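In what follows, a structure is listed as structure tokens, so that the remarks can point back to it.
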Amino acid sequence: MRAAATFTVKAFVPTELKPEPAVSTGLPVGVATIEKHFEGEAAGRSATLFTAAFDQTTGVGTYVAMESFEGSLHGREGAFNFVHSATTSGSDRTAEFFTIVPSSGTGELAGITGAGGLAVDADGTHRIWFDYDLG
């Protein structure tokens with residue numbers, strides 16, 4: 001099944017966490033926490049650990065995010081984890097990866113497996129979809 005939604009970022013909080021030992025590279029690595037709210041066939045909220053090597057000036061970099069979602073997919077309540085990453089050269093998204101973490105589902109979403117994706121429309125609307133099965 002596919003559950004599609006839009007989401008808004010309610011909080012993006014950079015942390016002081018840095019890789020140790022420190023390694024100097026061409027792009028700085030940063031860690032942040034994010035809170036998102038979802039509306040649509042996927043409704044609820046998520047807490048995210050977000051890591052990126054990114055240049056704010058050029059928009060070039062790569063991110064990896066681990067999210068814990070709590071809410072509903074097509075009205076089924078529960079929680080699960082999903083992970084996603086992508087690379088950008090400033091105006092695109094490449095090398096995208098998105099998967100639901102096996103054995104992470106709870107409640108009516110226990111046994112969830114699958115994948116999904118993210119997109120940002122030209123007007124700034126953030127979209128997400130989950131292509132999932134319930135075991």
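The values are calculated or read from the model by the stated rules, or taken from the named source; none is laboratory data. Bear in mind the structure is a predicted one, so any value in this text is a computation, not a measurement. Reconstructed Cβ throughout: ideal geometry from the backbone, glycine too, with neighbour counts over all protein chains shown. Protein only, heavy atoms only, side chains kept; ligands, DNA and RNA dropped before computing areas. Shrake-Rupley method; radii C 1.70, N 1.55, O 1.52, S 1.80 Å.
Karplus-derived 3J(HN,Hα) values for region 42-56, using 6.51 cos²θ - 1.76 cosθ + 1.60 with θ = phi - 60°, are 10, 10, x, 9, 9, 10, 10, 9, 10, 10, 8, 10, 8, 9, 4 Hz; glycine and proline are entered as x.
Accessible surface calculations at 1.4 Å, restricted to protein heavy atoms, place the chain at 57 Å² per residue. In order along region 60-68, the Karplus-derived 3J(HN,Hα) couplings, from 6.51 cos²θ - 1.76 cosθ + 1.60 at θ = phi - 60°, round to 9, x, 9, 10, 9, 10, 10, 10, 10 Hz, and Gly and Pro are given as x.
Of the solvent-accessible surface of the chain, computed with a 1.4 Å probe over protein heavy atoms with every protein chain present, carbon and sulfur atoms account for 58 percent. Mind checking region 1-82 for GluC sites (Glu not before Pro) that DSSP puts in a loop (not H, G, I, E or B) and that have at most 13 other Cβ atoms within 10 Å? For GluC sites (Glu not before Pro) across region 1-82 that sit outside H, G, I, E and B with at most 13 neighbouring Cβ atoms in 10 Å, the list reads Glu16.
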